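Following: one structure in structure tokens, then a few remarks.
Here, each number is a calculation from the coordinates, and none is a lab measurement. Because the structure is a prediction, the values reported are computed rather than measured. Quick reminder, even Gly has a Cβ in these numbers, built from the backbone with ideal geometry, and neighbours come from all protein chains shown.
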Amino acid sequence: MSLVFAGVCSHAPGITGRKDRADPKLKDGLYAAFDRMRQALEATRPDVLIVIAAEHFANFFMNNMPSICLGMAEHYEGPIEDEAWLGIQHHLIPGAPVLARDIIQEIMADIDLAYAQEWKFDHGIMVPLNFLTPRYDLPVIPVNINCQGPPLIPLKRCYEFGRVLKRACDARPERIAVVGTGGISHWPATPDSGRINEPWDRQFLERFLANRCEELITYRDDDTWRAAGQGGFEIRTFIAVAGAAEGCTGELWFYAPIPIFAVGCTVAVMNLQKREPSAAQPVPG
């Protein structure tokens, strides 16, 4: 099995940019969970990390908005935001262009997608890398799922993308890790910033950790917008990871609403070693 690690985490810019303003106990708990995730990731000895993220009009705009895009660059730069504001210094992150090209080619047999040889990382990728690859020496293949510019890709296609991504990874000899980053409920750049719908978050996480595809793909965007804000559309990144870990369940290592970070902060991993061999079925719907 070439997919050796799968997890999800939050990427809100306040996690690093406003860390001194958070409740110390909550912040320390979140940081400890990120460090636990780093150690678990390193223990799998990955050759490359695929980061499934939702970027924020840093590279992709409404004049040309791909539903799914993979990076195949030699290297990436980030953060695109101000270093002082984000609390992360600028870095050059290595890519894996040959492997990325092969994975893209494999995925295209089942799902159409875009690809990019130029990409500047915003906080959606840089915040997780800050914790999970603090030396910025692990090659990264970025994936962006459009979560900000409707019409948005259907959730069942996100799950199917995860499944196809895993098949592409398993066709390779490299050891590959995948991390999805995003939401869950939040209202960024609005008067409701800092609002968090904890019951909605916990229901979604319960479904995600149980990896119940038929429930994960039932969320309607209009309902999500009302209950979880426009930031709630980022559940697509979690659902893609669930697809990549089909047949596995997960463990929640941290969840807490942290208003100064403007999101219900989450760290969770999927137990790939407990995959059910007969799990693969057509995606419902």
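Rg/Rh for segment 1-53: what does it come to with C-alpha atoms and Rh from Kirkwood?
1.05
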Quick note, segment 138-180: a/c under 1.5 would make it rounded; otherwise a/b > b/c is prolate and the rest oblate (a ≥ b ≥ c, C-alpha gyration tensor); here it is oblate
Cross-link reach from K166 to lysines, straight Cα distance under 21 Å and at least 8 residues apart if same chain, gives K156, K274
Checking rank on 261-268, 103-110, with mean other Cβ inside 10 Å and highest first, the result is 261-268, 103-110
GNM of the chain, Cα pairs under 10 angstrom: of A96, A168, A84, the biggest fluctuation goes to A84
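First check a/c for segment 151-221, with a ≥ b ≥ c the square roots of the eigenvalues of its C-alpha gyration tensor; if it is under 1.5, answer rounded, and if not, answer prolate when a/b is larger than b/c or oblate otherwise.
Judged from the Cα gyration tensor, segment 151-221 comes out prolate (a/c at least 1.5, a/b above b/c).
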In nm², the average projected area of the convex hull spanned by the Cα atoms of segment 12-97 is 7.3 nm²
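Rounded to a whole number, what is D in µm²/s for segment 51-138 from Stokes-Einstein with the Kirkwood radius over alpha-carbon pairs (10 °C, 1.306 mPa s)? List each step's numbers first, then the result.
Values: Rh = 13.8 Å.
The diffusion coefficient I find is 115 µm²/s.
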Note on the chain: contact order normalised by length, alpha-carbon pairs under 8 Å, 6 or more apart, percent, works out to 30 percent
Placing each pseudo-label 7 Å from Cα in the direction of the beta carbon, T249 and N64 end up separated by a distance in nanometres of 4.6 nm
The Cα extents of the chain along the principal axes, largest first and rounded to whole Å, are 45, 41, 39
For K19, counting only lysines whose alpha-carbon sits under 28 Å away and dropping same-chain residues fewer than eight positions off, the answer is K27, K120
